[in-house]
1. Can you check what the net charge comes to around residue 380, using other residues whose Cβ is under 13 Å from the Cβ of residue 380 (Lys, Arg +1; Asp, Glu -1)?
2. FRET efficiency for residue 308 and residue 275, Cβ-Cβ distance as r, R0 = 25 Å, nearest 0.05?
3. Can you name the helices of the chain, as whole DSSP H runs, whose Cα span along the helix axis is 15 Å or more and whose Kyte-Doolittle mean is not below -0.5?
4. Can you list the trypsin sites (Lys or Arg not before Pro) in region 150-230 that are in a DSSP coil and have 15 or fewer other beta carbons within 10 angstrom?
5. In region 114-173, what GluC sites (Glu not before Pro) fall in a loop by DSSP, with at most 11 other Cβ atoms inside 10 Å?
6. Answer rounded, prolate or oblate for region 293-355, using the Cα gyration tensor with square roots of eigenvalues a ≥ b ≥ c: rounded when a/c is under 1.5, else prolate when a/b is larger than b/c, else oblate.
7. Checking the table 143/316; 86/211; 199/303; 138/200; 138/159; 138/211 against a 22 Å threshold on Cα-Cα, which pairs fail?
8. Along the Cα→Cβ direction, 7 angstrom out, place labels at residue 377 and residue 144. What is the inter-label distance in nm?
Amino acid sequence: MATNTNLGGVFTTDIDGKRNSNVFLSTENVVGLIFDTSIVGGLEKALGEDTLAAQTFANGNVVELNTTKDVAEAGIDDTVLAGIAKYHLDSFFSLAGGTQRIFVSFMNSNEDPDFEAVELMQLASGGIIYQIGVWTGKPIAKKNMDGSYSVEAGNVCAKLEAVAEVLGGKVGITNYEGNAPLNMLLSAPILNEAVIDIKKLPDLSGLDMPKVTVLLGQAPTDTVHELMYAVNHVADTASYVPVGCVGAALGCLAVAPANESIAHVASFNLAAVMQDAELGFGNLVEDAENKTYAAESSFTNIKTLGYTKRNTYLHKNGYVFLVNYDGLENSIFFSSDQTLSTGDYRTLARCRVMHKSRRVVRRALLPRVNSNVEVDITSGKLSASAVAEFQNIVIEALDKNMVEPGTSKPQVSGRTCTIDPNQNVLDTDAIDIHYSLVPLGVTGEIKVTEGFSNSI
């Protein structure tokens, strides 16, 4: 007869207490890309008539693409915007890999001068996009009578900053409208001119536009020059818009944790899409007979610019551009991830970290809207337990979400949350909460001293 006991051992049963989690699905790597078709004469010229692309992107439709197969199925091929759209999307997926989230649309800035297409895209995505790239033929600056270059009020950078502020608020001002903060990456010509002097580039660094980053540079290949010539000769009047590198920048952001700069040399080598770089402007000479740029054209290869020129004319003027580093062959990187600001939000990484914290704190606090709050019966102010409860909500949300998923790498150096207990919630029906983040530092420069010694 079989024994009525079981084989010995230690056995465990899991139980689920159905406790809620403060870990939210992060969308810090979701990006968008908008192509301005004004340079070629509008959407019909860019997308064609009765084409798959024309149907897919009609009336400014926003479409999410996740793989290169999706690009083809959306109708984006070498004929759409003279091949510019496919080039940047190919660059994006080459660097980011498949199964990424990129929202794409086409607009015409002659009909949408304030770039409201940005707001349309963010709203269509449900507010989850952290960064949108804009490729446009609208120049950033104008050439003055004395030959200098200047940026005027209402320029394309200002328009992008304004629409981003609608979505995410303005620094120092309480935002009641948009809760979908994002940063803009602009790919645009400095001037719509055949000759551009790098020494005259306008200084954008002091524009106080923390939501805008201006990108310069492209691959110096025959393919890119053919694309550049084609897109600038669709309309009756020739233009001089660089192909740019916005697809590559978005590809880096699609895999970078919120705290990481796209200029991180160890993480973001652009060799998969380019092994050399040029600015895309300088002295463009046309060979109309062969429908190309003449051999004597100068696109300003980055290797012709030493550190001082790069630093003086490009970096200190606020531009993010493609660079090489001596000793690293066939490798190209972004120079920095700076925005057009010199304050707390002077880099994309700083902005992305704050945008992420804002989303996770807001999500954690939303369930407490219109809830009861205990007050101190002797003072009528917030009770100590209520203060502690709300502080814990904020701190827990930050601690559980501001860490790279699957690792122990923090995205901030520290955090704090303060709540003044002397708030008269009985009269105001409101609670003021303040939280602060200590960001991670960045090794923009590493300075080394070398020399000989008599002994070690």
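1. -2
2. 0.55
3. The qualifying helices are 84-96, 156-168, 348-365, 384-401.
4. Those satisfying the criteria are 170.
5. 152
6. prolate
7. Pairs exceeding 22 Å: 86/211.
8. 7.2
The values are calculated or read from the model by the stated rules, or taken from the named source; none is laboratory data. Not measured: the values here are computed from a predicted model. Don't worry about glycine lacking a Cβ; one is built from the backbone with ideal geometry, like all the others, and counts go over all protein chains shown. Accessible surface areas use protein heavy atoms only, side chains included; no ligands, DNA or RNA. Shrake-Rupley method; radii C 1.70, N 1.55, O 1.52, S 1.80 Å.
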